[in-house]
Amino acid sequence: MNLLQLLNDRFKAALAAVGAPEAQPLVQLAGRPEYGDYQMNGVMGAAKAQKLNPRELAQKIIEVVDLDGIAQKLDIAGPGFINITLDDGFLAGRVEAALQDARLGVPALPKKRVMVEYSSPNLAKEMHVGHLRSTIIGDALARVQAFAGMEVIRQNHVGDWGTQFGMLVAYLVETRKTGQAELELADLENFYRKAKIRFDEDAAFADTARDYVVKLQGGDPEVNALWHQFLEISLSHCNAVYQRLNVQLNDGDVRGESFYNDDLPVIVEELRQQGLLVEDQGAQVVFLEEFRNKEGEAQAYIIQKKDGGYLYATTDLGAIRFRTRALKLDHCIYVVDARQALHFQQLFTLARKAGFAPESFQLEHISFGTMMGKDGKPFKTRSGDTVKLIELLEEAEQRAFDLVSAKNPDLDESTRRQIAEAVGIGAVKYADLSKNRTSDYIFDWDTMLSFEGNTAPYLQYAYTRAARIRSNAAGIKDAALTLDQPAEHALALELARFSDVVHQVARESYPHFLCQYLYTLATQFSRFYEACPVLEADSKIAHGGRLKLSDLTAATLKTGLDLLGIKVLETM
Ligand code: ARG
């Protein structure tokens, strides 16, 4: 059981024993070392409900709470907080047990089928920086869900449908004729731009493009084959980005918008049968009472356009319906930027009303802010163009390579390249994941690549240091872990807290809590390293015991960074 849960359970029982079975124990990590390790904040609420003096109630709780062998000290502070200092032997036992466990002592939560839908770029164009956040936040959340014991289905809901694909197929046919296709497709951004110019400037080309759209929708095999070829090439560009980013998405996770195409008329029909659909200015819409405009009128959610075309929303309804009925999911997490918040609120509301999503199916929009440049505006190139994601990642690796080369000029080039890959990509991902995802953040190369502060390079370096202790520890005798020094206690507490944090991120989907934890862990490790020599200690007993702290720190940093999709190195 994770520590927070354990303490909450014990205090819950104590509250019941003092006649307050309804009260919540509200145990939290202590804000400062002088408040102990954890704090129980539920006394005031319980006392108020029972009209008792909170300090007296706190005293009673301390007398009955069963924390033998878990806490070494319980103090009442302020109006009735209970400060909890964990027992050294208990903490040492947690550390020893975690070291023997491949899951580092993190219990699995009850298994559910969870989909994490992320990345989801539009395949008509190349991935740009706007796709970065969904891709890396989603990947981290999928890893955390899996580690927490869920059955995870990753889903890349790519944009692979719509009129623009007629234009792209038409241009593909044209470039094939001149033998330029290979060359042009190497840069999809350019390919799209040129196709668009042809479409706008040449009426015959535009007619062909429109004809292809009709054929594509009608299932014409030849046009379908061409469309598939285009998608394959576009996906191979995405895969190159995923690979570089160390993101666990592959072709098997792709289920694009086109997949739901045949369901769309059925969706409209089902909505109509349920009496939800209304015709409004020729379009088929649903009025949702829950969403009102400034004038207080229910807002229209458009399902089918006047010309019969379907919308983004219709496809999403189809996807929800498929995800419950065919995939039998328990929970679906949509990692999509904050600008789509209203869309998802309306979508979820309608999906519930229409019976596509029963109450037991949890739907969550995990939103995030925008990545900004140093000028405080959305991140762009100097000339104001969108930045291709692959180019941003190349730059990250090059910058890291220059840094590493300056720091370690004697390392051979291939080693420096390897370090640069882990550090450069790690820095970009960590800079993003370590911020509260709901806010915008400023993308700044110098801060993210710094070896000091809450950065990937700092954590990667801390891992290397802990791993190096292990590789120099040959011959040190195994010994029981004792926590005599404050720095040892503090480090053991951090290590024992890992499952609290993993479970919190699995529950709340905020990766920055894990980052903050790893940073604190690395800082505590650094203090311990200064204060409590592992290899130079005179006593062999301290040796073997302390080595366990440093070993578990290495393992926890490695696992924690892996949950964020960030690599570590044995030397750097
Ligand atoms: N392709 C969409 C875009 O680029 C994102 C898709 C998000 N997922 C969804 N189920 N609507 O904006």
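Couple of notes before you dig in:
- Filter pass, residue 380 being within 20 Å of residue 428 (Cα to Cα), more than 16 Å from the ligand (Cβ to nearest atom) and surrounded by fewer than 18 Cβ atoms within 10 Å (Cβ to Cβ): yes
- Any hit, the range 293-302, residues being within 16 Å of the ligand (Cβ to nearest atom) and under 22 Å from residue 340 (Cβ atoms): yes
- Hits in the range 285-338 (condition: under 22 Å from residue 256 (Cα atoms), surrounded by fewer than 17 Cβ atoms within 10 Å (Cβ to Cβ) and among the aromatic types (Phe, Trp, Tyr)): 312, 322
- Count of residues meeting criterion [part of a strand (DSSP E or B) and at positive phi] in the range 121-156: 0
- Checking each residue in the range 335-353 for being within 10 Å of the ligand (Cβ to nearest atom) and over 24 Å from residue 265 (Cβ atoms) picks out 335, 336, 337, 339, 340.
- Residues of the range 530-565 classified as within 30 Å of residue 136 (Cβ to Cβ) and part of a helix (DSSP H, G or I), total: 14
- Among the residues making up the range 303-317, those that are within 10 Å of the ligand (Cβ to nearest atom) and out of contact with any strand residue (DSSP E or B) (no Cβ under 8 Å at 6 or more places or on another chain) are 312, 315, 316.
- Some residue of the range 89-99 being closer than 30 Å to residue 46 by Cα and either more than 14 Å from the ligand (Cβ to nearest atom) or part of a helix (DSSP H, G or I) (or both): yes
- The requirement of being within 21 Å of residue 493 (Cα to Cα) and not in a loop (DSSP other than H, G, I, E, B) is fulfilled nowhere in the range 44-67; no residue meets it.
So that you can scan it fast, the table gives a plain yes or no per residue for (1) among the basic types (Lys, Arg); (2) surrounded by 18 or more Cβ atoms within 10 Å (Cβ to Cβ); (3) in contact (Cβ under 8 Å) with a residue 24 or more places away in the chain; (4) within 20 Å of residue 499 (Cα to Cα):
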site	(1), (2), (3), (4)
13	no, no, yes, no
17	no, no, yes, no
46	no, yes, yes, no
51	yes, no, no, no
67	no, yes, yes, yes
78	no, no, no, no
86	no, yes, yes, yes
94	yes, yes, yes, yes
97	no, no, no, yes
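- Condition met for residue 108 (of a type in the set (A, V, I, L, M) and surrounded by fewer than 17 Cβ atoms within 10 Å (Cβ to Cβ)): yes
- There is at least one residue in the range 100-114 that is in a strand (DSSP E or B) and within 16 Å of the ligand (Cβ to nearest atom).
Read-outs throughout are calculated quantities, based only on the coordinates presented, and are distinct from any laboratory measurement. These numbers come from a predicted model, not from an experiment. Cβ sites come from the backbone with ideal geometry, for glycine too, and all protein chains shown count toward neighbours.
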